1. Please compute the net charge surrounding Gly111, taking Lys and Arg as +1 and Asp and Glu as -1 over other residues with Cβ under 10 Å from its Cβ.
2. On a 1.4 Å probe surface of the protein chains, which of Arg53, Arg195 comes out largest in accessible area, and what is the full order?
3. Test of understanding: what is the full-extension gain from Arg227 to Lys99, defined as 0.36 nm times their sequence separation minus their Cα-Cα distance?
4. To the nearest 20 debye, what is the magnitude of the charge dipole of the chain about its Cα centre, counting +1 on the Cβ of each Lys and Arg and -1 on the Cβ of each Asp and Glu?
5. HN-Hα J couplings of region 104-119 from phi, Karplus 6.51/-1.76/1.60, θ = phi - 60°, integer Hz, Gly and Pro as x?
6. Quick one: which residues, 5 or more positions from Ala207 or on another chain, have an amide H under 5 Å from its amide H? H modelled 1.01 Å from N in the peptide plane, none for Pro or chain starts.
7. Which one of Ala22, Ser283, Gly66 has its Cα pushed farthest toward the positive end of the charge dipole of the chain, where Lys and Arg give +1 and Asp and Glu give -1 at the Cβ?
8. Averaged per residue, what accessible surface does the chain expose to a 1.4 Å probe, in Å²?
Amino acid sequence: MAHTAFPGTTDRRIDALLALLADNAMIVISGAKIAREIGVTRLTVWRWIQQLRALGVRVKGHPRTGYQIEEVPDILAPTLLHRRLHPGPLGKRIHHFFKIDSTNSVAMTLGERGEPHGTLIVAEEQTAGRGRAGHTWHSEKTNGIYMTVLLRPAISPQQAPLITLVAGLAVREAILEQTGLAPDLRWPNDLLFGRKKFCGILTEMNAEPDQIHFVAVGIGINVNHDRIPENLSAIATSLRIETHREQSRIEIVARLLRHLDSYYNLFVDKGSEAIVARFTEVSSYARGKRVRIETATENYTGTTEGLEPGGLLRVRRDDGRVLPVIAGTLSEAD
Ligand code: BTN
């Protein structure tokens, strides 16, 4: 099946340019040769090289001397990313954008157009990144990972919250493997180092009361930010800040898709129990944590008492009632 054209998708010839430069890293390659190989004019090559430079890709040279890349670029372009991916349905099809409003919005539209299970939508920058509860997601150019995976699980809408837990477990595993640091999971959708968040997950679905058509699992990760905007610095961090070095976004996405595939299969094969058990094992929020919950209608504090089979978090409120949290923002209570 041909890729569904989506407005703003990265020109496949820019993707080819990146791959060509990466394949010839450390070699000077003439503008004329690049132009010939990817089928554009030398002027277009020059313009695209300028665009890549603006994204931090280090390319030396100019049209007369030829071009030389100084390191394999960490751009999440389909050709470069495909080379790192493990075989499997996740990421088999990739829609890449240099700039888009929100990868989740694209995924919801592509889902309606029939894109298959596993399609990945990824952007270098989002102009209207969305978070839970109507929040925005700070999505500055190239430093973060902004991605959405389209899934078509054969589950009931009531089980959909488990997909968020599946994605969180996969991100945790990928980050642990990449950095050697084990993040905490704050139910249902945040990954933290200490009390600071570096990743959020926004799961949206298109469903009827008894059937899911598809789920868009949006994942935002602060990767190479060397500082966090002042209004967020008390509550947010990045992998670079935590590990004191730059991290490869391509490697992280590749690891993440591999772990997402295996946790998703665990969920499909063994059911919710396996996911709930694993989440309880690795999240400090699952049991015995003092928490504050803020919803549209009430704020309360309590202590967590494990997850229900459907993935909802049970909280013993300070008034003694034990109830699942259905909506709301959770934070650690002092
Ligand atoms: C949250 O913590 O509230 C969830 C944040 C989810 C952000 C990601 S970035 C990629 C995808 N596209 C969006 O618009 N949002 C998600």
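The values are calculated or read from the model by the stated rules, or taken from the named source; none is laboratory data. Nothing here was measured: the structure is a model prediction, and the numbers come from that model. Note that each Cβ is placed from the backbone with ideal geometry, even for glycine, and that neighbours are counted across all protein chains shown. Side chains are part of the model used for accessible areas, which takes the heavy atoms of the whole protein and leaves out ligands, DNA and RNA. Shrake-Rupley method; radii C 1.70, N 1.55, O 1.52, S 1.80 Å.
1. Working: positive: Arg113, Arg152; negative: Glu112, Glu115, Glu204.
Once all neighbours under 10 Å are counted, the net charge is -1.
2. Values: Arg53 70, Arg195 125 Å².
Heavy-atom accessible area, descending, gives Arg195, Arg53.
3. Numbers: separation 128, 0.36 × 128 = 46.08 nm, distance 2.15 nm.
Net length gain for the segment: 43.9 nm.
4. Working: 41 positive and 37 negative charges, 193 e Å.
About 920 debye.
5. Residue by residue, region 104-119 yields 5, 5, 4, 4, 5, 6, 5, x, 5, 7, x, 4, x, 3, x, 4 Hz.
6. His213
7. Working it through, the farthest residue towards the positive pole turns out to be Gly66.
8. Working: 15150 Å² over 334 residues.
Normalised by residue count, the accessible surface of the chain is 45 Å².
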